[in-house]
1. Going by accessible area, probe 1.4 Å, with all protein chains left in place, what is the ranking of 14, 35, largest first?
2. At a probe size of 1.4 Å, how large is the accessible area of residue 109, to the nearest 10 Å²?
3. Heavy-atom accessible area of residue 17 with all protein chains present, probe 1.4 Å, nearest 10 Å²?
4. For residue 10, list the lysines whose Cα falls under 18 Å from its own Cα; do not include residues on the same chain fewer than 8 positions away.
5. Under 5 Å between amide H atoms, partner at least 5 residues away or on a different chain: which partners does residue 94 have, H built in plane at 1.01 Å?
6. Where a ≥ b ≥ c are the square roots of the eigenvalues of the C-alpha gyration tensor, would you call the range 1-62 rounded, which needs a/c under 1.5, or, failing that, prolate if a/b is larger than b/c, or oblate?
7. How large is the accessible surface of residue 36 in square angstrom, using a 1.4 angstrom probe and rounding to the nearest 10?
8. Between beta-carbons, use under 11 Å as the cut-off and find the net charge around residue 24, counting Lys and Arg +1, Asp and Glu -1.
Amino acid sequence: MDLAENRFGKTWKHFLEVLKVDYNCSLADVCRDQHTTFGGMSSWMSRRGYSVKQAKADVVRDYYGGVEPSQPTTSSPSFTQIAPAMLSEEEFSLAGITITFNSGTTISVKRATPGGVIKMLRDYERKEGDPCIL
């Protein structure tokens, strides 16, 4: 038995043991813990006809009395509030927007502040008398 075969076999056995305790664990997490590449593990499983779906079905049948455990409830986040960073209008900009006026005139704005775009629209409406569609 070569080293890779041994590594993947041990990882698979560990995954099956973890499933008995934590049905919602993922093979990717077990591979990470066992320092095994997930892609290599998937190929190894495929060559042997192993599947995570079947392994979970077997665990449900053998260890959970045929009843699939429910997903754990989501816990509250570890933070209480997120405060957005307030940027000045000079720091905040719009990029890559297109404005089409009712007359069919189209303007592409590469980068501008929101206030700059609003001022440009007001100036255009005053000059042309044509409202725009964003």
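The values are calculated or read from the model by the stated rules, or taken from the named source; none is laboratory data. Note that the coordinates shown come from a computational prediction; the quantities given were computed from them, not determined experimentally. All Cβ positions, glycine included, derive from the backbone under ideal geometry; neighbour counts span all protein chains shown. Heavy atoms of the whole protein, side chains included, go into the accessibility calculation; ligands, DNA and RNA do not. Shrake-Rupley method; radii C 1.70, N 1.55, O 1.52, S 1.80 Å.
1. If we order 14, 35 from most to least accessible, we get 35, 14.
2. Rounded to the nearest 10, the figure is 20 Å².
3. Solvent-accessible area, nearest 10 Å²: 100 Å².
4. Partners within reach: 20, 56.
5. It is 112, 113, by chain and number.
6. prolate
7. 10 Å²
8. Result for the local shell: -2.
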